[in-house]
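Structure first, commentary second.
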């Protein structure tokens, strides 16, 4: 078995912790509990006939003027940038935010996830896709457990490249 450090990053309140709780524990809570600093969870999964222990770093959400410590990014094998489909401010400057994650982590590819699908219509999702300058890897809903497993499998596949 191999262990891989993966990051979940994005603005505060986009659902990073909810995605992790759904994936690791198959639980969902409506209560918002702000992550302070970083919280590490783990789960063992099978990808391409390999057993991988994902060490999932839930990095505290930031607002635009806050900086995340570079140390959180060191040694990461993959990263997921999560934004909230129902809050434009979480994807408005997504290019610059993803570039910062790439710079801090040294990763070339970042998995892009639009979360909280349950709060928007499919028409709104199509409009958001046109606003964002690159493709969204997956649209998820931690609440309804939609595409959550797939999002983490995508992240795990990135660790093997």
Among (1) at pLDDT 90 or above; (2) part of a loop (DSSP other than H, G, I, E, B); (3) surrounded by fewer than 16 Cβ atoms within 10 Å (Cβ to Cβ) - the single one residue 36 does not satisfy: (1)
Residues that are at positive phi and in contact with a helix residue (DSSP H, G or I) (Cβ under 7 Å, 6 or more places away or on another chain), drawn from segment 1-47: 10
Wholly enclosed strands (runs of 3 or more DSSP E) of segment 48-161 bearing at least 2 residues surrounded by fewer than 13 Cβ atoms within 10 Å (Cβ to Cβ) and either at pLDDT below 95 or out of contact with any helix residue (DSSP H, G or I) (no Cβ under 8 Å at 6 or more places or on another chain) (or both): 50-59
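Take residue 22 and decide whether it is surrounded by 14 or more Cβ atoms within 10 Å (Cβ to Cβ), over 17 Å from residue 97 (Cβ atoms), at pLDDT below 90 and over 12 Å from the mean Cα position of the chain (by Cα).
On the way: surrounded by 14 or more Cβ atoms within 10 Å (Cβ to Cβ): yes; over 17 Å from residue 97 (Cβ atoms): yes; at pLDDT below 90: no; over 12 Å from the mean Cα position of the chain (by Cα): yes.
Taking the combined requirement at face value, the residue does not satisfy it.
The values are calculated or read from the model by the stated rules, or taken from the named source; none is laboratory data. The shown structure was predicted, so the numbers you read here are calculated from the model rather than taken from an experiment. All Cβ positions, glycine included, derive from the backbone under ideal geometry; neighbour counts span all protein chains shown.
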